[in-house]
Amino acid sequence: MIGGELDRMALAVLQPGFEGTDPPAWLRRALAEGLGGVVLFARNVAGLDGTAALVAELRRERPDVVVAIDEEGGAVTRLEAATGSSWPGNLALGVAGDESLTRRVARQIGRMVAAAGVTLDYAPVVDVNADPRNPVIGVRSFGSDPEEVGRHGAAWIEGLQSAGVAACAKHFPGHGDTVTDSHLALPAVRASREVIERRDLPPFRAAIAAGVRAVMCGHLLVPAVDALPATLSRAVLTGLLREELGFDGLVVTDAIEMRAVAALHEPGEIAVRALAAGADAICVGVSSARGESVYALRDAITGAVREGRLAEERLAEAAGRVRDLAAWYDAQAGARAAVARDADEGLGLAAATAALRAIPAEQAAPLTKAPLVVHLAARPSQAVGRATPLKLGRAIEEILPGTVTAEVDDDGRLPDLSEAGRPLVIAVHDAGRHAWMRRLLDDALRARPDAVVVETGVPGPPAGRLYLATHGNSTASARAAARWLTGAV
(Lines give C-alpha, C1' and ligand atoms only; values in the text may rest on other atoms or scores of the structure.)
Protein backbone atom coordinates (compact mmCIF):
# COMPACT_ATOMS: atom_id res chain seq x y z
CA MET A 1 0.00 0.00 0.00
CA ILE A 2 1.29 3.48 -0.82
CA GLY A 3 2.36 5.62 2.14
CA GLY A 4 -0.41 8.22 1.87
CA GLU A 5 -3.21 5.70 2.15
CA LEU A 6 -1.46 3.89 5.01
CA ASP A 7 -1.11 7.19 6.86
CA ARG A 8 -4.83 7.87 6.36
CA MET A 9 -5.78 4.49 7.77
CA ALA A 10 -3.52 5.01 10.78
CA LEU A 11 -5.08 8.40 11.47
CA ALA A 12 -8.57 6.97 10.97
CA VAL A 13 -8.32 4.77 14.08
CA LEU A 14 -7.32 7.58 16.47
CA GLN A 15 -9.71 9.49 18.75
CA PRO A 16 -7.60 12.23 20.39
CA GLY A 17 -8.62 14.95 22.78
CA PHE A 18 -7.51 18.56 22.43
CA GLU A 19 -7.51 21.83 24.34
CA GLY A 20 -9.97 24.68 24.01
CA THR A 21 -13.40 25.39 22.63
CA ASP A 22 -12.17 26.03 19.07
CA PRO A 23 -10.44 23.41 16.91
CA PRO A 24 -6.69 24.09 16.91
CA ALA A 25 -4.89 24.34 13.57
CA TRP A 26 -3.19 20.97 13.97
CA LEU A 27 -6.55 19.26 14.52
CA ARG A 28 -8.06 20.82 11.42
CA ARG A 29 -5.06 19.65 9.41
CA ALA A 30 -5.21 16.13 10.85
CA LEU A 31 -8.93 15.86 10.05
CA ALA A 32 -8.26 16.87 6.45
CA GLU A 33 -5.53 14.20 6.32
CA GLY A 34 -7.84 11.42 7.54
CA LEU A 35 -8.14 11.63 11.33
CA GLY A 36 -11.16 9.46 12.10
CA GLY A 37 -12.31 10.78 15.46
CA VAL A 38 -11.97 13.15 18.40
CA VAL A 39 -13.08 12.94 22.01
CA LEU A 40 -14.56 15.93 23.84
CA PHE A 41 -14.02 16.73 27.52
CA ALA A 42 -15.36 19.43 29.82
CA ARG A 43 -12.48 21.67 28.72
CA ASN A 44 -14.02 21.75 25.22
CA VAL A 45 -17.57 22.57 26.32
CA ALA A 46 -18.93 26.12 26.25
CA GLY A 47 -22.61 25.37 26.68
CA LEU A 48 -24.66 23.16 24.42
CA ASP A 49 -24.81 25.70 21.60
CA GLY A 50 -21.08 26.36 21.81
CA THR A 51 -20.33 22.65 21.68
CA ALA A 52 -22.61 22.20 18.68
CA ALA A 53 -20.76 25.04 16.94
CA LEU A 54 -17.42 23.39 17.75
CA VAL A 55 -18.58 20.05 16.33
CA ALA A 56 -19.88 21.80 13.22
CA GLU A 57 -16.38 23.24 12.71
CA LEU A 58 -14.91 19.75 13.02
CA ARG A 59 -17.38 18.37 10.49
CA ARG A 60 -16.51 21.12 8.03
CA GLU A 61 -13.02 19.64 7.91
CA ARG A 62 -14.22 16.00 7.86
CA PRO A 63 -17.98 15.37 7.58
CA ASP A 64 -17.73 11.77 8.79
CA VAL A 65 -15.56 12.41 11.84
CA VAL A 66 -16.60 10.33 14.85
CA VAL A 67 -17.09 12.78 17.74
CA ALA A 68 -17.10 10.99 21.11
CA ILE A 69 -17.89 12.12 24.63
CA ASP A 70 -18.37 10.66 28.15
CA GLU A 71 -21.97 11.50 29.02
CA GLU A 72 -23.15 8.87 31.49
CA GLY A 73 -25.55 10.96 33.55
CA GLY A 74 -24.99 11.05 37.29
CA ALA A 75 -21.42 11.73 38.39
CA VAL A 76 -19.84 11.62 34.92
CA THR A 77 -20.93 14.41 32.60
CA ARG A 78 -19.09 16.63 30.15
CA LEU A 79 -21.89 18.66 28.59
CA GLU A 80 -23.23 19.62 32.04
CA ALA A 81 -19.90 19.72 33.87
CA ALA A 82 -20.46 23.33 34.93
CA THR A 83 -23.75 22.56 36.69
CA GLY A 84 -23.80 18.82 37.29
CA SER A 85 -25.99 16.35 35.47
CA SER A 86 -29.73 16.85 35.15
CA TRP A 87 -30.05 13.08 35.10
CA PRO A 88 -29.53 10.50 37.83
CA GLY A 89 -26.75 7.99 37.25
CA ASN A 90 -26.87 4.27 36.75
CA LEU A 91 -27.11 3.11 40.36
CA ALA A 92 -30.11 5.38 40.94
CA LEU A 93 -31.79 3.94 37.84
CA GLY A 94 -31.01 0.41 38.97
CA VAL A 95 -32.50 1.07 42.41
CA ALA A 96 -35.59 2.69 40.88
CA GLY A 97 -35.98 -0.65 39.13
CA ASP A 98 -38.04 0.47 36.13
CA GLU A 99 -36.45 -0.39 32.80
CA SER A 100 -38.86 1.86 30.92
CA LEU A 101 -37.70 4.74 33.13
CA THR A 102 -34.07 3.89 32.36
CA ARG A 103 -34.88 3.84 28.65
CA ARG A 104 -36.61 7.24 28.84
CA VAL A 105 -33.74 8.83 30.78
CA ALA A 106 -31.18 7.50 28.29
CA ARG A 107 -33.27 8.81 25.39
CA GLN A 108 -33.22 12.28 26.95
CA ILE A 109 -29.47 12.07 27.49
CA GLY A 110 -29.31 11.08 23.83
CA ARG A 111 -31.42 14.10 22.96
CA MET A 112 -28.89 16.38 24.67
CA VAL A 113 -25.89 14.63 23.12
CA ALA A 114 -27.48 14.65 19.68
CA ALA A 115 -28.10 18.39 19.95
CA ALA A 116 -24.35 18.84 20.41
CA GLY A 117 -23.66 16.89 17.22
CA VAL A 118 -21.93 13.99 19.00
CA THR A 119 -21.63 10.64 17.21
CA LEU A 120 -20.61 8.29 20.04
CA ASP A 121 -21.37 8.41 23.76
CA TYR A 122 -18.87 6.42 25.83
CA ALA A 123 -21.74 5.05 27.91
CA PRO A 124 -23.29 3.14 29.56
CA VAL A 125 -21.13 1.53 32.23
CA VAL A 126 -22.27 -2.09 32.38
CA ASP A 127 -19.72 -3.23 34.95
CA VAL A 128 -21.19 -5.20 37.84
CA ASN A 129 -20.15 -3.42 41.05
CA ALA A 130 -19.07 -6.62 42.78
CA ASP A 131 -16.68 -5.00 45.28
CA PRO A 132 -18.10 -2.07 47.29
CA ARG A 133 -14.54 -0.82 47.81
CA ASN A 134 -14.25 -0.10 44.08
CA PRO A 135 -12.89 3.46 43.81
CA VAL A 136 -13.88 4.24 40.22
CA ILE A 137 -17.14 2.39 39.39
CA GLY A 138 -19.50 2.59 42.40
CA VAL A 139 -22.59 4.63 41.56
CA ARG A 140 -21.66 4.49 37.87
CA SER A 141 -22.84 0.86 37.87
CA PHE A 142 -26.49 -0.18 37.73
CA GLY A 143 -25.81 -2.46 40.70
CA SER A 144 -24.27 -5.68 41.94
CA ASP A 145 -26.64 -8.16 40.30
CA PRO A 146 -25.53 -9.22 36.79
CA GLU A 147 -29.02 -9.78 35.45
CA GLU A 148 -30.25 -6.42 36.73
CA VAL A 149 -27.22 -4.65 35.28
CA GLY A 150 -27.84 -6.40 31.97
CA ARG A 151 -31.51 -5.42 31.83
CA HIS A 152 -30.91 -1.77 32.65
CA GLY A 153 -27.83 -1.62 30.45
CA ALA A 154 -29.82 -2.90 27.48
CA ALA A 155 -32.64 -0.44 28.18
CA TRP A 156 -30.14 2.44 28.43
CA ILE A 157 -28.56 1.46 25.12
CA GLU A 158 -31.94 1.23 23.41
CA GLY A 159 -32.95 4.63 24.76
CA LEU A 160 -29.75 6.40 23.76
CA GLN A 161 -29.55 4.84 20.30
CA SER A 162 -33.21 5.66 19.65
CA ALA A 163 -32.02 9.27 19.72
CA GLY A 164 -29.60 8.63 16.85
CA VAL A 165 -26.41 8.52 18.94
CA ALA A 166 -24.20 5.43 19.23
CA ALA A 167 -23.81 3.85 22.67
CA CYS A 168 -20.63 2.25 24.00
CA ALA A 169 -20.81 -0.45 26.70
CA LYS A 170 -17.83 -0.32 29.07
CA HIS A 171 -15.42 -1.48 30.54
CA PHE A 172 -14.96 -4.94 28.97
CA PRO A 173 -14.60 -7.57 30.36
CA GLY A 174 -15.76 -5.93 33.62
CA HIS A 175 -14.21 -3.38 36.00
CA GLY A 176 -16.51 -3.98 38.97
CA ASP A 177 -14.42 -6.47 40.98
CA THR A 178 -11.39 -4.20 41.42
CA VAL A 179 -9.99 -2.03 44.19
CA THR A 180 -7.62 -0.03 41.96
CA ASP A 181 -8.43 2.97 39.77
CA SER A 182 -7.02 2.26 36.29
CA HIS A 183 -6.25 5.96 35.91
CA LEU A 184 -3.54 5.40 38.53
CA ALA A 185 -2.39 1.76 38.25
CA LEU A 186 -3.28 -1.56 36.63
CA PRO A 187 -6.27 -3.22 38.35
CA ALA A 188 -6.52 -6.98 38.51
CA VAL A 189 -9.68 -9.09 38.42
CA ARG A 190 -8.63 -12.25 40.27
CA ALA A 191 -11.87 -14.18 39.80
CA SER A 192 -12.00 -17.57 38.10
CA ARG A 193 -13.12 -17.93 34.50
CA GLU A 194 -16.38 -19.43 35.77
CA VAL A 195 -17.10 -16.42 37.99
CA ILE A 196 -16.30 -14.00 35.18
CA GLU A 197 -18.66 -15.89 32.89
CA ARG A 198 -21.44 -15.89 35.47
CA ARG A 199 -20.98 -12.38 36.88
CA ASP A 200 -19.16 -10.00 34.54
CA LEU A 201 -20.06 -11.11 31.02
CA PRO A 202 -23.91 -11.26 31.13
CA PRO A 203 -24.32 -7.44 30.95
CA PHE A 204 -22.04 -7.33 27.90
CA ARG A 205 -24.01 -10.15 26.29
CA ALA A 206 -27.20 -8.16 26.97
CA ALA A 207 -25.64 -5.02 25.51
CA ILE A 208 -24.66 -6.85 22.33
CA ALA A 209 -28.15 -8.36 22.05
CA ALA A 210 -29.56 -4.83 22.38
CA GLY A 211 -27.52 -3.73 19.36
CA VAL A 212 -24.85 -1.63 21.06
CA ARG A 213 -22.66 -0.03 18.40
CA ALA A 214 -19.41 0.08 20.40
CA VAL A 215 -17.67 -1.57 23.34
CA MET A 216 -14.86 0.01 25.35
CA CYS A 217 -12.24 -2.30 26.78
CA GLY A 218 -10.94 -1.62 30.27
CA HIS A 219 -7.29 -1.40 31.24
CA LEU A 220 -7.61 -4.52 33.37
CA LEU A 221 -5.53 -7.57 34.12
CA VAL A 222 -7.73 -10.69 33.99
CA PRO A 223 -5.42 -13.65 34.68
CA ALA A 224 -8.19 -16.20 34.14
CA VAL A 225 -8.26 -15.12 30.48
CA ASP A 226 -4.73 -13.84 29.71
CA ALA A 227 -1.52 -12.61 31.30
CA LEU A 228 -1.72 -9.36 29.30
CA PRO A 229 -3.93 -6.36 30.16
CA ALA A 230 -7.27 -6.59 28.36
CA THR A 231 -6.47 -3.61 26.13
CA LEU A 232 -3.44 -5.44 24.74
CA SER A 233 -4.87 -8.96 24.81
CA ARG A 234 -5.95 -10.80 21.68
CA ALA A 235 -7.45 -13.46 23.93
CA VAL A 236 -9.76 -10.83 25.49
CA LEU A 237 -10.60 -8.59 22.53
CA THR A 238 -10.68 -11.13 19.71
CA GLY A 239 -11.12 -14.49 21.42
CA LEU A 240 -13.61 -13.47 24.10
CA LEU A 241 -15.38 -10.38 22.78
CA ARG A 242 -15.42 -11.11 19.04
CA GLU A 243 -15.49 -14.90 18.83
CA GLU A 244 -17.27 -16.00 22.02
CA LEU A 245 -19.67 -13.07 22.52
CA GLY A 246 -20.10 -12.41 18.79
CA PHE A 247 -19.61 -8.64 18.85
CA ASP A 248 -18.92 -7.17 15.41
CA GLY A 249 -19.12 -3.43 16.12
CA LEU A 250 -16.46 -0.89 17.08
CA VAL A 251 -14.03 -1.74 19.89
CA VAL A 252 -12.49 1.37 21.44
CA THR A 253 -9.80 1.54 24.11
CA ASP A 254 -10.03 3.51 27.29
CA ALA A 255 -7.66 6.51 27.24
CA ILE A 256 -4.14 5.22 26.65
CA GLU A 257 -2.47 7.81 28.88
CA MET A 258 -4.02 6.13 31.93
CA ARG A 259 -1.29 4.73 34.14
CA ALA A 260 -2.66 1.18 33.99
CA VAL A 261 -1.09 0.83 30.53
CA ALA A 262 1.05 3.97 30.25
CA ALA A 263 3.37 2.55 32.90
CA LEU A 264 4.01 -0.48 30.67
CA HIS A 265 4.69 0.97 27.20
CA GLU A 266 5.10 4.17 25.23
CA PRO A 267 1.88 5.52 23.65
CA GLY A 268 2.74 4.34 20.14
CA GLU A 269 3.45 0.84 21.33
CA ILE A 270 0.18 0.73 23.27
CA ALA A 271 -1.70 1.76 20.13
CA VAL A 272 0.03 -0.86 17.98
CA ARG A 273 -0.51 -3.68 20.47
CA ALA A 274 -4.15 -2.71 21.07
CA LEU A 275 -4.87 -2.71 17.33
CA ALA A 276 -3.12 -6.06 16.90
CA ALA A 277 -5.20 -7.47 19.77
CA GLY A 278 -8.46 -6.43 18.10
CA ALA A 279 -9.19 -2.82 19.06
CA ASP A 280 -10.49 -0.56 16.29
CA ALA A 281 -10.17 2.93 17.80
CA ILE A 282 -7.56 4.35 20.13
CA CYS A 283 -8.82 6.89 22.66
CA VAL A 284 -6.17 9.48 23.55
CA GLY A 285 -7.40 11.92 26.16
CA VAL A 286 -4.42 14.27 26.12
CA SER A 287 -2.60 15.54 23.02
CA SER A 288 0.42 17.81 22.70
CA ALA A 289 -0.19 21.50 22.03
CA ARG A 290 0.66 21.27 18.33
CA GLY A 291 -0.52 17.73 17.72
CA GLU A 292 2.94 16.15 17.53
CA SER A 293 1.78 13.33 19.80
CA VAL A 294 -1.05 12.41 17.43
CA TYR A 295 1.27 12.27 14.44
CA ALA A 296 3.72 10.21 16.50
CA LEU A 297 0.93 7.68 17.07
CA ARG A 298 0.22 7.63 13.34
CA ASP A 299 3.89 7.01 12.59
CA ALA A 300 4.13 4.24 15.20
CA ILE A 301 1.16 2.46 13.60
CA THR A 302 2.43 2.79 10.02
CA GLY A 303 5.92 1.76 11.13
CA ALA A 304 4.52 -1.37 12.75
CA VAL A 305 2.71 -2.26 9.52
CA ARG A 306 5.89 -1.84 7.49
CA GLU A 307 7.84 -3.94 10.00
CA GLY A 308 5.24 -6.71 9.88
CA ARG A 309 4.26 -6.36 13.57
CA LEU A 310 0.75 -5.16 12.70
CA ALA A 311 -1.07 -6.74 9.77
CA GLU A 312 -2.21 -4.24 7.16
CA GLU A 313 -5.49 -6.17 6.93
CA ARG A 314 -6.09 -5.70 10.67
CA LEU A 315 -5.52 -1.93 10.37
CA ALA A 316 -7.83 -1.78 7.34
CA GLU A 317 -10.49 -3.71 9.27
CA ALA A 318 -10.24 -1.29 12.20
CA ALA A 319 -10.45 1.77 9.95
CA GLY A 320 -13.44 0.18 8.23
CA ARG A 321 -15.28 -0.21 11.53
CA VAL A 322 -14.71 3.49 12.27
CA ARG A 323 -16.24 4.31 8.87
CA ASP A 324 -19.13 1.94 9.58
CA LEU A 325 -19.95 3.77 12.81
CA ALA A 326 -19.86 7.12 11.01
CA ALA A 327 -22.17 5.72 8.32
CA TRP A 328 -24.60 4.43 10.98
CA TYR A 329 -24.68 7.91 12.53
CA ASP A 330 -25.42 9.51 9.16
CA ALA A 331 -28.31 7.09 8.68
CA GLN A 332 -29.85 8.18 12.01
CA ALA A 333 -30.57 11.78 10.99
CA GLY A 334 -34.32 11.12 11.14
CA ALA A 335 -34.08 9.74 14.68
CA ARG A 336 -32.16 12.82 15.82
CA ALA A 337 -34.72 15.13 14.23
CA ALA A 338 -37.53 13.24 15.99
CA VAL A 339 -35.91 13.26 19.44
CA ALA A 340 -35.25 17.00 19.16
CA ARG A 341 -39.03 17.45 19.46
CA ASP A 342 -39.36 14.93 22.32
CA ALA A 343 -38.56 16.85 25.51
CA ASP A 344 -39.57 14.93 28.65
CA GLU A 345 -39.86 17.75 31.20
CA GLY A 346 -39.34 16.85 34.83
CA LEU A 347 -38.08 13.35 34.04
CA GLY A 348 -34.66 13.79 35.65
CA LEU A 349 -36.09 14.88 38.99
CA ALA A 350 -38.77 12.20 38.90
CA ALA A 351 -36.22 9.48 38.17
CA ALA A 352 -33.91 10.70 40.97
CA THR A 353 -36.86 10.79 43.37
CA ALA A 354 -37.75 7.19 42.50
CA ALA A 355 -34.27 6.14 43.65
CA LEU A 356 -34.47 7.67 47.16
CA ARG A 357 -34.51 5.20 50.03
CA ALA A 358 -34.99 6.27 53.68
CA ILE A 359 -34.47 4.34 56.91
CA PRO A 360 -36.89 4.39 58.62
CA ALA A 361 -39.09 4.59 55.56
CA GLU A 362 -42.04 6.08 57.46
CA GLN A 363 -40.13 9.14 58.69
CA ALA A 364 -41.84 12.45 57.98
CA ALA A 365 -39.86 15.23 56.31
CA PRO A 366 -37.40 16.29 59.04
CA LEU A 367 -36.54 19.86 57.99
CA THR A 368 -38.88 22.70 58.80
CA LYS A 369 -36.23 25.40 59.12
CA ALA A 370 -32.90 26.14 57.51
CA PRO A 371 -30.30 23.55 58.60
CA LEU A 372 -26.54 23.33 58.84
CA VAL A 373 -25.39 20.93 56.11
CA VAL A 374 -21.95 19.41 56.54
CA HIS A 375 -20.49 17.78 53.44
CA LEU A 376 -17.79 15.20 54.10
CA ALA A 377 -16.16 15.37 50.69
CA ALA A 378 -13.54 13.06 49.18
CA ARG A 379 -11.66 14.00 46.03
CA PRO A 380 -13.54 12.71 42.94
CA SER A 381 -11.92 10.18 40.63
CA GLN A 382 -10.38 11.27 37.34
CA ALA A 383 -13.33 9.67 35.54
CA VAL A 384 -15.60 12.29 37.09
CA GLY A 385 -13.24 15.06 36.02
CA ARG A 386 -14.43 18.64 36.41
CA ALA A 387 -18.12 17.97 36.99
CA THR A 388 -19.55 20.21 39.72
CA PRO A 389 -22.96 18.86 40.71
CA LEU A 390 -25.26 20.95 42.84
CA LYS A 391 -24.41 20.11 46.43
CA LEU A 392 -27.13 19.04 48.82
CA GLY A 393 -26.71 22.19 50.95
CA ARG A 394 -27.31 24.48 47.99
CA ALA A 395 -30.28 22.39 46.90
CA ILE A 396 -31.84 22.70 50.37
CA GLU A 397 -31.09 26.43 50.38
CA GLU A 398 -33.19 26.82 47.22
CA ILE A 399 -36.14 25.68 49.36
CA LEU A 400 -35.09 26.91 52.82
CA PRO A 401 -33.18 30.21 52.47
CA GLY A 402 -30.60 30.71 55.19
CA THR A 403 -29.26 27.17 55.02
CA VAL A 404 -25.58 27.11 56.01
CA THR A 405 -23.14 24.74 54.32
CA ALA A 406 -19.70 23.57 55.46
CA GLU A 407 -17.36 21.26 53.54
CA VAL A 408 -14.82 19.04 55.29
CA ASP A 409 -12.18 16.93 53.53
CA ASP A 410 -9.86 14.27 54.91
CA ASP A 411 -7.56 16.91 56.43
CA GLY A 412 -10.35 19.00 57.96
CA ARG A 413 -12.23 19.25 61.22
CA LEU A 414 -15.91 19.34 61.90
CA PRO A 415 -17.39 22.81 62.37
CA ASP A 416 -19.37 23.86 65.43
CA LEU A 417 -22.35 21.54 65.10
CA SER A 418 -24.56 23.47 67.50
CA GLU A 419 -24.87 26.37 64.98
CA ALA A 420 -27.59 28.28 66.82
CA GLY A 421 -29.84 25.27 67.24
CA ARG A 422 -30.15 24.50 63.56
CA PRO A 423 -31.13 21.04 62.36
CA LEU A 424 -28.04 19.15 61.21
CA VAL A 425 -27.67 17.27 57.92
CA ILE A 426 -24.48 15.33 57.22
CA ALA A 427 -23.89 14.48 53.57
CA VAL A 428 -21.36 11.76 52.77
CA HIS A 429 -20.27 10.02 49.58
CA ASP A 430 -19.13 6.39 49.76
CA ALA A 431 -18.56 6.58 53.50
CA GLY A 432 -17.97 2.84 53.52
CA ARG A 433 -14.76 3.33 51.48
CA HIS A 434 -13.22 6.13 53.57
CA ALA A 435 -12.08 5.52 57.15
CA TRP A 436 -11.64 9.25 57.79
CA MET A 437 -15.21 9.91 56.67
CA ARG A 438 -16.64 7.21 58.92
CA ARG A 439 -14.63 8.57 61.84
CA LEU A 440 -15.90 12.12 61.37
CA LEU A 441 -19.43 10.85 60.85
CA ASP A 442 -19.24 8.91 64.13
CA ASP A 443 -17.91 12.03 65.89
CA ALA A 444 -20.73 14.14 64.48
CA LEU A 445 -23.41 11.67 65.51
CA ARG A 446 -22.04 11.46 69.04
CA ALA A 447 -22.31 15.24 69.27
CA ARG A 448 -25.64 15.42 67.44
CA PRO A 449 -27.55 12.11 67.56
CA ASP A 450 -30.50 13.94 66.01
CA ALA A 451 -28.58 14.53 62.76
CA VAL A 452 -29.91 13.36 59.41
CA VAL A 453 -27.38 11.43 57.31
CA VAL A 454 -27.58 11.56 53.51
CA GLU A 455 -25.41 9.09 51.57
CA THR A 456 -24.92 10.15 47.94
CA GLY A 457 -22.73 7.20 46.98
CA VAL A 458 -23.01 3.45 47.44
CA PRO A 459 -24.91 2.96 50.72
CA GLY A 460 -23.29 1.25 53.69
CA PRO A 461 -24.74 0.43 57.11
CA PRO A 462 -27.40 3.05 58.03
CA ALA A 463 -26.32 5.72 60.48
CA GLY A 464 -28.19 8.36 62.48
CA ARG A 465 -31.84 8.65 63.39
CA LEU A 466 -32.71 9.13 59.73
CA TYR A 467 -30.60 7.79 56.88
CA LEU A 468 -31.41 8.80 53.32
CA ALA A 469 -29.65 7.18 50.34
CA THR A 470 -29.80 8.96 46.98
CA HIS A 471 -27.70 6.36 45.10
CA GLY A 472 -25.92 9.11 43.21
CA ASN A 473 -24.56 12.64 43.39
CA SER A 474 -26.00 14.31 40.33
CA THR A 475 -27.71 17.67 40.49
CA ALA A 476 -31.00 15.82 39.92
CA SER A 477 -30.33 13.59 42.94
CA ALA A 478 -29.45 16.57 45.16
CA ARG A 479 -32.69 18.34 44.27
CA ALA A 480 -34.72 15.17 44.81
CA ALA A 481 -33.18 14.69 48.27
CA ALA A 482 -33.72 18.34 49.20
CA ARG A 483 -37.38 18.14 48.23
CA TRP A 484 -37.87 14.95 50.22
CA LEU A 485 -36.11 16.31 53.31
CA THR A 486 -38.18 19.50 53.29
CA GLY A 487 -41.49 17.93 52.33
CA ALA A 488 -41.55 19.80 49.03
CA VAL A 489 -42.22 16.67 46.94
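In segment 340-382, which residues are within 17 Å of W87 (Cα to Cα), open to solvent by less than 20 Å² (accessible area, probe 1.4 Å) and not in a loop (DSSP other than H, G, I, E, B)?
Correct list: L347, G348, A351, A352.
For every residue, the table says whether it meets (1) in contact with a Ser or Thr (Cβ under 7 Å, 6 or more places away or on another chain); (2) farther than 26 Å from L250 by Cα; (3) of a type in the set (V, I, T).
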| site | (1), (2), (3) |
| --- | --- |
| R321 | no, no, no |
| D324 | no, no, no |
| A355 | yes, yes, no |
| I359 | no, yes, yes |
| P366 | no, yes, no |
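I need every pair where a residue in segment 90-108 that is among the hydroxyl-bearing types (S, T, Y) has its Cβ under 8 Å from the Cβ of a residue that is open to solvent by 10 Å² or more (accessible area, probe 1.4 Å), sequence separation at least 6 or different chains.
T102/A96
Can you tell me how many residues within segment 166-213 are within 17 Å of G239 (Cβ to Cβ), open to solvent by 30 Å² or more (accessible area, probe 1.4 Å) and among the aliphatic types (A, V, I, L, M)?
1
Can you give me the number of residues within segment 239-277 that are open to solvent by less than 20 Å² (accessible area, probe 1.4 Å) and under 16 Å from L310 (Cα atoms)?
Qualifying residue count, segment 239-277: 7.
Regarding E345, is this residue modelled with pLDDT under 95 and over 31 Å from the mean Cα position of the chain (by Cα)?
Details: modelled with pLDDT under 95: yes; over 31 Å from the mean Cα position of the chain (by Cα): no.
Criteria not met by E345.
Can you pull out every residue in segment 1-30 that is closer than 21 Å to R59 by Cβ, out of contact with any helix residue (DSSP H, G or I) (no Cβ under 9 Å at 6 or more places or on another chain) and not in a helix (DSSP H, G or I)? Steps first, please.
Kept after step one, since they are closer than 21 Å to R59 by Cβ, are these residues of segment 1-30: 8-9, 11-30.
So of that shortlist, the ones also out of contact with any helix residue (DSSP H, G or I) (no Cβ under 9 Å at 6 or more places or on another chain) come out as 24-25.
If the condition is that a residue be closer than 21 Å to R59 by Cβ, out of contact with any helix residue (DSSP H, G or I) (no Cβ under 9 Å at 6 or more places or on another chain) and not in a helix (DSSP H, G or I), then P24 is the only one that fits.
If I filter segment 251-304 down to residues being acidic (D, E) and in a helix (DSSP H, G or I), which single residue comes out as farthest from the chain's Cα centre (by Cα)? Working first, answer last.
Taking segment 251-304 first, the residues acidic (D, E) are 254, 257, 266, 269, 280, 292, 299.
Then drop every residue that is not in a helix (DSSP H, G or I), which leaves 269, 292, 299.
Values: E269: 26, E292: 28, D299: 30 Å.
Taking the candidates together, the pick is D299.
Quick check on L48: is it in contact (Cβ under 8 Å) with a residue 24 or more places away in the chain, under 27 Å from S381 (Cβ atoms) and in contact with a Ser or Thr (Cβ under 7 Å, 6 or more places away or on another chain)? Lay out the reasoning, then the answer.
Values: in contact (Cβ under 8 Å) with a residue 24 or more places away in the chain: yes; under 27 Å from S381 (Cβ atoms): yes; in contact with a Ser or Thr (Cβ under 7 Å, 6 or more places away or on another chain): no.
Judged against the criteria, L48 is not a match.
Being without any contact (Cβ under 8 Å) to a residue 12 or more places away in the chain and more than 23 Å from V118 (Cβ to Cβ), is that true of even one residue in segment 333-346?
Yes; the residues of segment 333-346 include at least one that is without any contact (Cβ under 8 Å) to a residue 12 or more places away in the chain and more than 23 Å from V118 (Cβ to Cβ).
When you go through (1) within 27 Å of V65 (Cβ to Cβ); (2) over 20 Å from the mean Cα position of the chain (by Cα) one by one for C217, which number turns out not to apply?
(2)
For segment 306-326, name all the residues that are open to solvent by less than 20 Å² (accessible area, probe 1.4 Å) and of a type in the set (A, V, I, L, M, F, W, C).
Initial filter on segment 306-326 (open to solvent by less than 20 Å² (accessible area, probe 1.4 Å)): 310, 315, 318-320, 322, 325-326.
Within segment 306-326, L310, L315, A318, A319, V322, L325, A326 meet the criteria.
Which of (1) touching a residue at least 40 places away in the same chain (Cβ under 8 Å); (2) touching a Pro at 6+ places or on another chain (Cβ under 8 Å); (3) among the aliphatic types (A, V, I, L, M) is the odd one out, the single condition A300 does not satisfy?
Result: A300 fails condition (1) only.
Restricting to segment 224-250, and then to whatever is under 15 Å from R314 (Cβ atoms) and among the small types (G, A, S), can you tell me which residue is farthest from the chain's Cα centre (by Cα)?
G239
Give the residues of segment 116-133 that are touching a residue at least 60 places away in the same chain (Cβ under 8 Å) and more than 22 Å from A340 (Cα to Cα), sorted by residue number.
V126, D127, V128, N129, A130, P132, R133
The values are calculated or read from the model by the stated rules, or taken from the named source; none is laboratory data. Because the structure is predicted, anything quoted here is derived from the model rather than measured. Virtual Cβ from ideal backbone geometry, glycine too; neighbours counted across all protein chains shown. Quick note on the areas: whole protein, heavy atoms, side chains included, nothing else; ligands and nucleic acids left out. Shrake-Rupley method; radii C 1.70, N 1.55, O 1.52, S 1.80 Å.
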